[in-house]
Structures are given as structure tokens and as C-alpha cells.
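Visitor: The structure is given below, and queries will be raised subsequently.
The values are calculated or read from the model by the stated rules, or taken from the named source; none is laboratory data. Remember, it's a predicted structure, so these values are computed and weren't measured experimentally. With ideal geometry, Cβ positions are generated from the backbone for all residues, glycine too; neighbour counts draw on all protein chains shown. Side chains included, ligands, DNA and RNA excluded: accessible areas come from the protein's heavy atoms. Shrake-Rupley method; radii C 1.70, N 1.55, O 1.52, S 1.80 Å.
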Amino acid sequence: MINQPEGATAWSCACCGRELEVVKVAFTYMKGNFEVPLPACTGCGLVMIPEELAMGKMAEAERILEDK
């Protein structure tokens, strides 16, 4: 489920206008591979990374990997 503001309609792609679907997205960072379910456009591949993920879990993982 994609978190949206209450009463909002489905998220759509800013590039092509298609509705976003949650799919597994592969990330590579500092030789580490990660798969995360995220809303993405199945048409053009644009991925939406929610602010809470970018500023929370991803930032924390980045700090841990950089400390190694």
C-alpha cells in the first residue's frame, strides 16, 4: 500500500501520467545490493522514494555503510 494524504487519489507518474504500482526496486550502494518494494511507474520506470524512507532508513543505512 502506498501512503498518501487522506482523501488523495492514486499517485501518478510525473513523466508519463500512468498510475504508480508497488514493485521491487533494486538499489546498489557501496557494493551492497538491496531490494525494496516502492511505488514505481511500469511505463517509464520512474521510482517514487517517500520522504520518510529517504530521510530515515536510507540515510541510516548510508551512515552505516560509510562507517565500514
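Visitor: With axes computed from alpha carbons, what is the tilt in degrees of helix 58-67 against the longest principal axis of the chain, rounded to the nearest 10 within 0 to 90?
Guide: That helix lies at roughly 20 degrees to the long axis.
Visitor: Could you tell me what a quarter of the Cα convex hull surface of the chain works out to, in nm² with one decimal place?
Guide: Averaging across all directions leaves 5.2 nm² for the Cα convex hull.
Visitor: Report in % the part of the accessible area of the chain that belongs to carbon and sulfur, leaving out ligands and nucleic acids; probe 1.4 Å.
Guide: Whole-percent figure for carbon plus sulfur exposure: 54.
Visitor: Nearest 20 debye, what's the magnitude of the dipole of the chain about its Cα centre given +1 on Lys and Arg Cβ and -1 on Asp and Glu Cβ?
Guide: Working: 6 positive and 10 negative charges, 52 e Å.
Dipole about the Cα centre, nearest 20: 260 debye.
Visitor: Normalising by the residue count of the chain, find the relative contact order in percent from Cα pairs under 8 Å and 6+ residues apart.
Guide: 22 percent
Visitor: Once the piece of chain linking ILE64 and VAL25 is laid out straight, how much longer is it, given 0.36 nm per residue of separation minus the C-alpha distance between them?
Guide: My answer for the length gained is 12.0 nm.
Visitor: Related question: Considering only GLY17, GLY45, GLY32, give the residue with the highest GNM mean-square fluctuation for the chain, with springs between Cα atoms whenever their separation is below 10 Å.
Guide: Highest fluctuation of the listed residues: GLY32.
Visitor: What does the helix-only formula give at 222 nm for the chain: each DSSP H stretch with n ≥ 4 adding -39500 (n - 2.57), the total divided by the residues, and the result rounded to the nearest 500 deg cm²/dmol?
Guide: -4500 deg cm²/dmol
Visitor: Still on this structure, please answer the following. If you count only protein heavy atoms with a 1.4 Å probe, what accessible area per residue comes out for the chain, rounded to a whole Å²?
Guide: For the chain, the per-residue accessible area is 80 Å².
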